[in-house]
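I have a structure here, written as structure tokens, and I will follow up with some questions on it.
Derivation of every value follows stated rules applied to the coordinates shown; laboratory data play no part. Remember, it's a predicted structure, so these values are computed and weren't measured experimentally. As a convention, Cβ positions derive from the backbone with ideal geometry for all residues, glycine included, and neighbour counts pool all protein chains shown.
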Amino acid sequence: MDSDRHSEYSWLVFFAAAKASRPAACPPSPASGTPGRKLNAFSWVMIIAGVIVLVGTPLAMTYRVLADAASASASPPPQYVVIPAPPPPAAQPSPPSAAEAVAPPTRLDIEAIGVSAPIVQVGLDAGGVIEPPPLDEENLVGWYGLGPSPGEVGPAVLLGHVDTRTAPAVFARLKELRPQDRITVAHTDGRRDVFVVDRVERVAKTAFPSAQVYGSTSNPALRIITCGGAFNTTSRSYADNVIVFASFLQASPQL
């Protein structure tokens, strides 16, 4: 340790001074006839220096220890960087509650594929299948009235023809929709609900995904169905269905 080395050095200085003060041979004193010793100036300087070092070193070490302790106690506590929490997400429009009834839909607008058509309520035919709008109405959309209205919690179902006997119909371009395209549904009370496309699927009618289309959801959802795939000239129908799955985005207040 530093203190041990300083003490050792102090003793060496002291003994060196003592040795320097003792001459190799002292002549007999004329007065007493006994050997005598005389200290020269250098010897006194070395002795004094040794005493100073011997005494001063412990004092210096004591002062250093006290100074270090005082410095440690006076040091400010460590500073910690506080990282601010990220801001909360932007408020999203709340969907209607399960108990909130939404007025029947009256019009469908899909700007991405040029659709702007009135909506009529439809039900089930004798075979228990949702009946489409009349085939001769090329610009008409049917809403399955036994299910949720668009904007109510659950999957609202709209359907229409891809063509008629003579011309393309309201959903001729439904398969062209892409994720994030917007769909707007107007209601009898002036309310307008906006949905955003999640995905578009084409499935065989023999493998229709009833659970995905009609299964319950925790928020308002929209399903739009038309025909697609190859046309069977014998049965006079298409082999597939094109289905749009869309999620509720927001509702505007009644006008």
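What is the set of long-range amide H partners of TYR238 at a cut-off below 5 Å, with H atoms built 1.01 Å from backbone N?
Under 5 Å from the amide H of TYR238 lie the amide H atoms of ASN232, each far enough along the sequence or on another chain.
Could you work out the equivalent-ellipsoid semi-axes for segment 105-252, taking the square root of 5 times each eigenvalue of the Cα gyration tensor, largest first, in whole Å? Please report the intermediate quantities before stating the final value.
On the way: eigenvalues 103, 54, 48 Å².
Semi-axes (√(5λ), whole Å): 23, 16, 15.
Give me, ordered by chain and number, the residues 5 or more places off THR106 or on other chains with an amide H under 5 Å from its own placed amide H.
Counting only residues 5 or more places away or on other chains, the set is ALA186, HIS187, THR188.
Under the Karplus relation 6.51 cos²θ - 1.76 cosθ + 1.60, θ = phi - 60°, what is the ordered set of whole-Hz ³J(HN,Hα) values for segment 196-201, x standing for Gly and Pro?
Calculated HN-Hα couplings, in order: 10, 5, 8, 6, 10, 10 Hz.
About the Cα centre, and with charges only on the beta carbon of Lys, Arg (+1) and Asp, Glu (-1), how big is the dipole of segment 174-224? Nearest 20 debye, please.
Here the size comes out at about 140 debye.
Viscosity 1.306 mPa s, temperature 10 °C: Stokes-Einstein D of segment 102-187 from its Kirkwood Cα radius, in µm² per second?
Rounded, D is 118 µm²/s.
Got a sec? How would GLU176, GLU152 order by Cβ neighbour count within 10 Å, fewest to most?
On the way: GLU176 13, GLU152 23.
Least crowded to most crowded, the residues run GLU176, GLU152.
Could you tally the net charge around ARG192, taking each other residue with its Cβ under 14 Å from the Cβ of ARG192, Lys/Arg +1 and Asp/Glu -1?
-1
Rg (Å, one decimal) plus Dmax (Å, integer) for the alpha carbons of segment 196-248?
Looking at segment 196-248, its Cα Rg and Dmax stand at 12.6, 42 Å.
Determine ³J(HN,Hα), in whole Hz, for all residues of segment 137-151 in sequence, where each value follows from phi through the Karplus function 6.51 cos²θ - 1.76 cosθ + 1.60 and θ = phi - 60°; x replaces Gly and Pro.
9, 6, 10, 9, 10, x, 10, 6, x, 7, x, x, 7, x, x
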